[in-house]
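Notes follow the structure.
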Amino acid sequence: MSDPRHPPLGLSRRQLLKWGAGVGAAGLLTATRAQARPIESRAHIVILGGGAGGMAMANRLANRTRGTTITLVEPREIHHYQPGWTLVASGVWNADKTLRPNADFVPAGIRWERQAATAIDAESRRVTLANGEVLAYDALVVATGLQLNYHLIEGMSPELVGSHGIGSVYASIDAASRTHQAIETWIAQGGGRGLFTAAPTPVKCAGAPLKMTFTTLSRLEATGRRDAFQVDYMAPGDALFSQPWVNDFVKQRFDEQGVNRYHQYRLSAIDPGARQATFTRVDREAQFTSHHELREAEFRRPEGLTEVIDYDFIHVVPPMSAPDFVKQSALIAQEGPFAGEWLDVDIHTMQHNRYPEVFGIGDVIGAPINKTAASVKAQAPVVEANLLAHLQEQPLPARHNGYTSCPLITGIGKAMLVEFGYDNNLDFLPSFPFIDPRDESWAAWVMKDRMLQPAYYAVLEGQA
Ligand code: FAD
């Protein structure tokens, strides 16, 4: 019998799509969820955030517990499939394709608070909601995702996206559509300078700024007048991507495609009317342990370490951090590289380092890599097993290996399925033996374009 993970040889484009859709819909893209027996508990479990991580945990914990009270705190009615946003901003998808009602995913029998949490008191195990209500918890899952700190770029705000030549795929699904419009306008202009920036902090989907550069390059090349457009990539540090092989690949590809690389350039201000961006030239030798320190250094910077650059189009990537209300709580990291900015969890067990009844999942955690939905998929069974063990006063059985994946779009119609973990090894964790992580392929593009979305929804439903 054939292995369902391997497509039969010699498939046509149509057959591969059909095979992919079937595999994706069945959730077999990912390991099938083993059914374990539910545990009995009277605990009140509060889940903050019902995005990829929080919704997956709501479904998993609802399936695996009897007698618990589970409260999901999520203000949004609509779920946003963020991995589709680069496809929207590149003009490949319509925005509608990324939206589904949260009610499709919220499991029966749990309480859904349709409002935001505003404070966490970790000592007294209480969460305050926007309407002033206070929830006491026995176990807490922090799954709020991250905060986009556009305000740290002087003159910038997400409302500007789509005007004055400004794009930013991260701001929202509307901003992704408006980013597409801004790119179209630049192309219609017939030439000029485009700046593609990156952030000096960890970001979600670290490949997204690169994907936006590559898909825009495809569009510029398709005009037949590529030379009329100047494309500059402004990196805040030496690296363009954390995984060394991918970093080298992207640098080489940028060189081949005529992208000028600027290193140690951090976007610090923007003047939309004048279409000028100010970059802070960070000292190459300086080692910053946190974004706070980096900001401090900028305030101390000698005059002359900034550079103002004119642009016709700019893709802005904001600094990112845990949401303010998490930062203001005792749950935030107190020391080390994530101090003051990210949730303080053990990156293998996902348990809080100081409050054992608290677990974290998804973008909010302080971890060297991991801000992807693919990581959420790998983290969810770990959080489930360890949180239930904690409730039963058992040792924590599960460990996360750092798995993350980036279908790195290298142009419209081609991609690389890059997968790695905390050890940075590209060959260690491949989901599809027939896709070489070092090869650009149409098959990897099909994964991104057609197959990952059903697999993602299976994660939300707790099925994968
Ligand atoms: P989210 O899914 O963002 O959910 C957080 C939830 O918390 C939201 O629903 C929000 O409403 C809620 N929330 C926020 N504040 C509060 C509060 N105060 N109280 C209660 N609830 C709150 N991942 C991939 O695997 N592959 C990709 O190709 C990929 N591409 C991406 C491209 C882009 C442009 C972006 C933006 C992301 C991409 N990602 C990709 C990343 C992926 O979407 C995230 O890593 C994933 O959604 C993280 O899940 P999360 O639950 O931590 O956060």
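The values are calculated or read from the model by the stated rules, or taken from the named source; none is laboratory data. What you see is a predicted model; the values in this text were computed from it and never measured. Neighbour counts run over all protein chains shown; Cβ positions are idealised from the backbone, glycine included.
Points to keep in mind about this one:
- Of the candidates LEU99, LEU87, the single residue that is surrounded by fewer than 18 Cβ atoms within 10 Å (Cβ to Cβ), farther than 30 Å from ASP138 by Cα and outside the structural domain of ILE183 (by TED's automatic domain parsing) is LEU99.
- The residue pairs whose first member lies in region 243-255 and is over 15 Å from ALA208 (Cα atoms), whose second member is modelled with pLDDT under 95, and whose beta carbons are closer than 6 Å, counting only pairs six or more residues apart or on different chains, are TRP245/LEU426.
- Residues that are surrounded by 16 or more Cβ atoms within 10 Å (Cβ to Cβ), of a type in the set (D, E, K, R) and not assigned by TED's automatic domain parsing to the domain that holds ARG193, drawn from region 301-359: LYS327, GLU341, ASP344, ASP346, GLU357
- Filtered residue count, region 125-140, keeping only those that are among the acidic types (Asp, Glu) and either closer than 18 Å to GLU74 by Cβ or in contact with a Gly (Cβ under 7 Å, 6 or more places away or on another chain) (or both): 1
- Residues of region 119-149 satisfying the condition of being free of Cβ contacts under 8 Å to residues at least 40 places away in the same chain and away from the ligand (no atom under 11 Å from the Cβ): SER124, ARG126, ASN131, GLY132, GLU133, VAL134
- Hits in region 325-370 - residues which are away from the ligand (no atom under 16 Å from the Cβ) and in contact with a helix residue (DSSP H, G or I) (Cβ under 9 Å, 6 or more places away or on another chain): ALA339, GLY340, HIS348, THR349, GLN351, PRO356, GLU357
- Test result for GLU384, assigned by TED's automatic domain parsing to the domain that holds THR65, at negative phi and touching a residue at least 60 places away in the same chain (Cβ under 8 Å): yes
- In region 193-205 there is at least one residue that is in the same structural domain as ASP312 (by TED's automatic domain parsing), at pLDDT 95 or above, surrounded by fewer than 19 Cβ atoms within 10 Å (Cβ to Cβ) and touching a Phe, Trp or Tyr at 6+ places or on another chain (Cβ under 7 Å).
- Residue check: LEU210 meets all listed conditions (1) within 14 Å of the chain's Cα centre (by Cα); (2) within 19 Å of LEU408 (Cβ to Cβ); (3) not in a helix (DSSP H, G or I) but one, namely (3).
- Filter result (over 26 Å from LEU148 (Cβ atoms) and out of contact with any Lys or Arg (no Cβ under 7 Å at 6 or more places or on another chain)) within region 219-232: GLU221, ALA222, THR223, GLY224, ARG225, ARG226, ASP227, ALA228, PHE229
- Among the residues of region 153-169, the one identified as out of contact with any strand residue (DSSP E or B) (no Cβ under 8 Å at 6 or more places or on another chain) and part of a helix (DSSP H, G or I) is GLU159.
- Condition met for ARG60 (touching a helix residue (DSSP H, G or I) at 6+ places or on another chain (Cβ under 6 Å) and among the basic types (Lys, Arg)): yes
- Some residue of region 406-428 being assigned by TED's automatic domain parsing to the domain that holds ARG37, within 11 Å of the ligand (Cβ to nearest atom) and either buried (at least 20 other Cβ atoms within 10 Å of the Cβ) or at pLDDT below 95 (or both): no
- If you go through region 93-139 and keep only what is over 24 Å from LYS327 (Cβ atoms), in a strand (DSSP E or B) and out of contact with any helix residue (DSSP H, G or I) (no Cβ under 9 Å at 6 or more places or on another chain), you end up with PRO101, ARG111.
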